[in-house]
Amino acid sequence: MDVKATKKHTDKERWICIYPAYLNSKKTRAEGRRIPVAKAVENPNYSEIRDVIAAAGFVVGVENKKYCRERSNEPTVRGRIRVHFRNDDGSVINPKFPSRDSILLHCGEMIPKLKSRTDKSTKSQEHGAGQAGGGKKKNKKK
């Protein structure tokens, strides 16, 4: 019996892959972005993507892989998300998301609304306002 004929959608290797570069607004299409810049997110990481997709009702797996077009060796760009997208009969699991692109667009829409993203923006604004008075040290004469 052929090995390919026995492969089902429940096998993790048959699940769709999503890399953070697919959603990164700082990347060009040639560098791997798959959605329009207007709907993309600035520097998403794998944990944000995982949280959004899991909240949408999908079974998610995370792998420590780096996107082939990624030039940076920073650990923040690593991570590949595997999503159980189709049943064994080929039908989509969640009819609200009929395609891979619909999942990517959903991630681009929901990641900016994550609590971790909104907390970072408010903290940086508060922190920046507190340092407006200067920053130079005054030398005391002895």
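The values are calculated or read from the model by the stated rules, or taken from the named source; none is laboratory data. Keep in mind it's a predicted model, so treat the numbers as computed, not measured. Positions of Cβ are generated from backbone atoms using ideal geometry, with glycine treated the same way; all protein chains shown enter the neighbour counts.
No other residue among Gly57, Gly61 is in a loop (DSSP other than H, G, I, E, B) and at pLDDT 90 or above apart from Gly57.
Using the structure shown, decide if Gly128 is at pLDDT below 90 and either part of a helix (DSSP H, G or I) or at negative phi (or both). Yes; evaluated as a whole, the condition is true for this residue. Reported count of residues in the stretch 73-87, each being exposed (fewer than 11 other Cβ atoms within 10 Å of the Cβ) and not in a helix (DSSP H, G or I), is 2.
Which residue, of Pro112, Pro98, is without any contact (Cβ under 8 Å) to a residue 40 or more places away in the chain and not small (Gly, Ala, Ser)?
On the way: Pro112 fails: without any contact (Cβ under 8 Å) to a residue 40 or more places away in the chain.
After applying the criteria, what remains is Pro98.
Taking the criterion of being within 12 Å of Cys17 (Cβ to Cβ), aliphatic (A, V, I, L, M) and touching a Pro at 6+ places or on another chain (Cβ under 7 Å), the only residue of the stretch 49-97 that qualifies is Ile49. Lys4 satisfies every condition listed in (1) modelled with pLDDT of 90 or more; (2) farther than 24 Å from Lys115 by Cα; (3) assigned to a helix (DSSP H, G or I) except (1).
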